[in-house]
Amino acid sequence: MPLRLRRSLLAPLTISALLLTGCSGSGAADGSTSDDALVVYNAQHEELTQEWADAFTEESGIEVVLRNGDDSELGNQLVQEGSASKADVFLTENSPAMSLVEQAGLLAPVDDATLALVPEQYRPASGDWTGIAARSTVVVYNPDLISESELPTSLLDLAKPEWKGRWGAAPAKADFQAIVSAVLETQGEDGAREWLEGMARNATEYRNNIVTMKAVNAGEVPVGVIYHYYWYRDQDAAAEDSGNTKLHYLGDQDPGAFVSVSGGGVLKTAPHADEAQQFLAFIAGEEGQKILGEGYSFEYPVASGVAAKSELPPLDDLNAPAIDPSTLNGPKVIELMTEAGLL
């Protein structure tokens with residue numbers, strides 16, 4: 001029987017419920033916005049995107065309103081809205097949701113000058129959207145429960161029988177689903193299915209990355225699979241949820257070394273297309289990337305040559321698998337994870 005100790009009981013938001021979520025920015029008190037406001041469907045971290053929006057408004061005078069939600073929720077909402085959408089810009093934490101919108105034919109090409117700010121490995125070959133940030137997959141572990149020499153050498157190892165009950169993750173979250181998309185891309189459908197079946201047998205399921213890290217810290221499981229920045233943020237604070245843990249980078253172009261690209265795109269039907277392109281250029285530009293690199297998030301800047309925080313290992317040293325982010329297949333991942341009983 002697969003372990004189900006921490007499965008989230010929250011069902012996905014419906015589209016109608018999502019439309020009722022609060023909006024950030026300078027809209028009216030009743031939640032309405034002016035016709036001149038740039039509307040950003042935002043699945044990135046709210047605090048970070050609000051910093052971007054405020055700085056862009058100060059520089060340009062263009063009002064920005066954020067409609068905040070989850071990657072997959074907002075991506076599916078845009079697909080359902082289609083050409084009737086009032087969105088100007090879509091920002092994601094991970095790229096599969098952006099690829100979903102791209103494959104629906106809803107994105108306009110990004111301005112060449114903006115694309116030129118971003119190295120090729122951090123944007124899709126299509127040029128219909130661009131990377132704006134990145135995060136690395138890591139293994140967080142408790143050295144009181146497992147030695148460094150016992151750690152997995154590949155993410156794929158965690159499907160083996162000896163890892164039953166010894167690791168945790170948050171399969172219901174878009175973050176982990178993006179990692180699974182790297183397994184699918186590198187191992188093929190049969191390989192991904194086999195790995196997910198092993199995960200269903202072996203893994204303890206948690207609500208999100210933070211809860212996973214807390215569980216490792218508390219000794220519930222010796223190992224967890226998360227993104228790097230949750231650990232670094234906690235370490236930068238009081239290390240309350242990570243003080244008993246360390247990070248292990250798998251490297252070797254393993255799917256467990258996957259670097260997930262956060263995306264930014266302009267909708268083909270954007271009511272304010274020129275302003276939307278300006279906003280995307282601002283985020284990928286030096287000022288926007290410095291807001292990311294110097295702020296609270298501990299994510300990696302990917303554009304304009306801006307360095308990450310000194311505490312982070314250099315992005316180029318992570319030896320991540322080379323994957324065109326637009327090829328990551330979110331719907332197939334959901335199908336396979338549902339088939340395995342993980343969703």
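The values are calculated or read from the model by the stated rules, or taken from the named source; none is laboratory data. None of the values given here were measured: they were computed from a predicted structure. No Cβ is skipped: glycine too gets one built from the backbone with ideal geometry, and neighbour counts run over all protein chains shown. These accessible areas exclude ligands, DNA and RNA; they are computed on the full protein's heavy atoms, side chains included. Shrake-Rupley method; radii C 1.70, N 1.55, O 1.52, S 1.80 Å.
Using the Cβ-Cβ distance between Glu189 and Gln80 with R0 set to 25 Å, the FRET efficiency from 1/(1 + (r/R0)^6) comes to roughly 0.40.
Taken about its Cα centre, the range 132-179 carries a charge dipole of about 240 debye when Lys and Arg each add +1 at the Cβ and Asp and Glu each add -1 at the Cβ. For the chain, a Gaussian network of Cα nodes joined below 10 Å ranks Trp231, Trp163, Trp129 by mean-square fluctuation, and the top entry is Trp163.
Take the Cβ atoms of Ala322 and Ser60, set R0 to 45 Å, and the FRET efficiency comes out at 0.80.
Between the helical axis of 174-202 and the longest alpha-carbon principal axis of the chain there is an angle of about 30 degrees. Report, for the range 127-257, the % of DSSP beta bridges that are antiparallel, rounded to 5. In the range 127-257, approximately 60 percent of DSSP beta bridges are antiparallel ones. On the basis of the beta-carbon distance and an R0 of 35 Å, Gln235 and Thr269 show a calculated FRET efficiency of 0.25. Can you tell me the 0 to 90 degree angle between the C-alpha axis of helix 209-218 and the longest principal axis of the chain, rounded to 10? Helix 209-218 and the main axis of the chain meet at about 30 degrees.
In the chain, the portion of solvent-accessible area held by carbon and sulfur atoms comes to 49 percent [1.4 Å probe, whole percent, DNA, RNA and ligands not counted].
Rolling a 1.4 Å probe over the protein chains gives Val110 an accessible area of about 10 Å².
In this structure the chain gives 41 Å² per residue of accessible area when probed at 1.4 Å with all protein chains present.
Computed on the chain, with alpha-carbon pairs under 8 angstrom and 6+ residues apart, the relative contact order is 26 percent. Would you work out if the range 165-254 is rounded, prolate or oblate? Take a ≥ b ≥ c from the square roots of the eigenvalues of the alpha-carbon gyration tensor; rounded if a/c is under 1.5, else prolate when a/b is larger than b/c, oblate otherwise. Note, shape of the range 165-254 comes out prolate. Between the listed residues Gly61, Gly288, Ala308, the Cα displaced farthest toward the positive end of the dipole of the chain, a dipole computed from Cβ unit charges relative to the Cα centre, is found at Ala308. Only lysines eight or more places from Lys173 in sequence, or on another chain, were considered; those with a Cα closer than 17 Å are Lys214, Lys332.
Placing unit charges on the Cβ atoms of the charged side chains and taking the dipole of the range 116-233 about its Cα centre, the candidate lying farthest along the positive direction among Val183, Thr212, Gly168 is Thr212.
Note on Lys309: aspartates and glutamates with a C-alpha under 13 Å away, same-chain residues under 8 apart excluded, are Asp236, Glu294, Glu299.
Placing +1 on the Cβ of every Lys and Arg and -1 on the Cβ of every Asp and Glu, with no other charges, gives the chain a dipole of roughly 1260 debye about its Cα centre. Under the criterion of Cα pairs below 8 Å and six or more residues apart, the relative contact order for the range 189-343 equals 24 percent. For the range 45-116 versus the range 284-334, the spacing of their alpha-carbon centroids is 17 Å. In a simple Cβ point-charge model (Lys, Arg +1; Asp, Glu -1; nothing else charged), the range 264-312 has a dipole of about 120 debye relative to its Cα centre.
Of Pro222, Ala320, Ser85, which is farthest towards the positive pole of the chain's charge dipole, taken about the Cα centre with +1 and -1 on the beta-carbons of Lys, Arg and Asp, Glu respectively? Final value for the positive-end residue is Pro222.
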